[in-house]
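These notes concern the structure reproduced below.
No lab work stands behind these numbers, since they all come straight from the coordinates. For clarity, every value in this text was computed on a predicted model and none was experimentally measured. Positions of Cβ are backbone-derived with ideal geometry, glycine not excepted, and every protein chain shown enters the neighbour counts.
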Amino acid sequence: MTSIRTLWWAAGLAAAVVCATPAGASTMVIGGGAAKECADAAIDGRSDNASVNKCTLALETEILGFRDQARTYVNRGVMQMRQRNFGGAVSDFNAASKIDPNLGEAYVNRGAAYLGSNRYGEGLAEIDQGLALGVKDPQKAYFNRGIAHENLGDVTAAYRDYTKAAELDPDWEAPKNELTRFTVKRP
């Protein structure tokens, strides 16, 4: 039973990290040029090297306001996370947080990258901070927080987070699928 559960969670975590990334990519960069192309690529779900390089080009050559610069780091980090380059993603989310410490997407995506590296406690703390700051798509953060809670052994908190994710986005199947694994017993 344990080995089947472990395999299920390995597959589930990979899906969750992929599902979580569009939430961070929702930070739009205003204006044109490479930074806008980087944002569009992240929002469109791309993660090819050309798109990542477009973000790098924007960061290295364009004059960006601090918010757009922070968002470009988040967008590049999201694409790196999709490539399963969790270390590079965390570096980008750290750079974004240093520039704009109030950008919730940097925290929730850093949390998702930590989940991808099996660092559940750190991931949980980051996701909590991002939710406290506010994010555009909190359902993805709650879903990933549910994964962190479950892997840390708190199934009650995991159930609450999956339920919250399902309430926030009733059309999203991922949290509903996770909830089917739970049996609630009332005292």
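Convert 37 °C to kelvin, take the viscosity as 0.692 mPa s, use the Kirkwood radius over C-alpha pairs of the stretch 59-152 as Rh, and evaluate the Stokes-Einstein diffusion coefficient in µm²/s, rounded to a whole number. Each step should come with its number before you reach the end.
Details: Rh = 12.9 Å.
Estimated via Stokes-Einstein, D reaches 255 µm²/s.
When the label point is put 7 Å from the Cα of residue 181 along its Cα-to-beta-carbon vector, which residues of the stretch 131-156 have a backbone N closer than 14 Å?
Only 143-156 fall inside the zone, counting backbone N under 14 Å.
Once you put a point 7 Å from the Cα of residue 48 and another 7 Å from the Cα of residue 66, both along the Cβ direction, what distance in nm separates them?
In this crude label model, residue 48 to residue 66 measures out at 3.6 nm.
Among the lysines, select those whose C-alpha is under 19 Å from the C-alpha of residue 36, and discard any that sit fewer than 8 residues away in the same chain.
Within the straight-line cut-off, residue 36 pairs with 54, 136.
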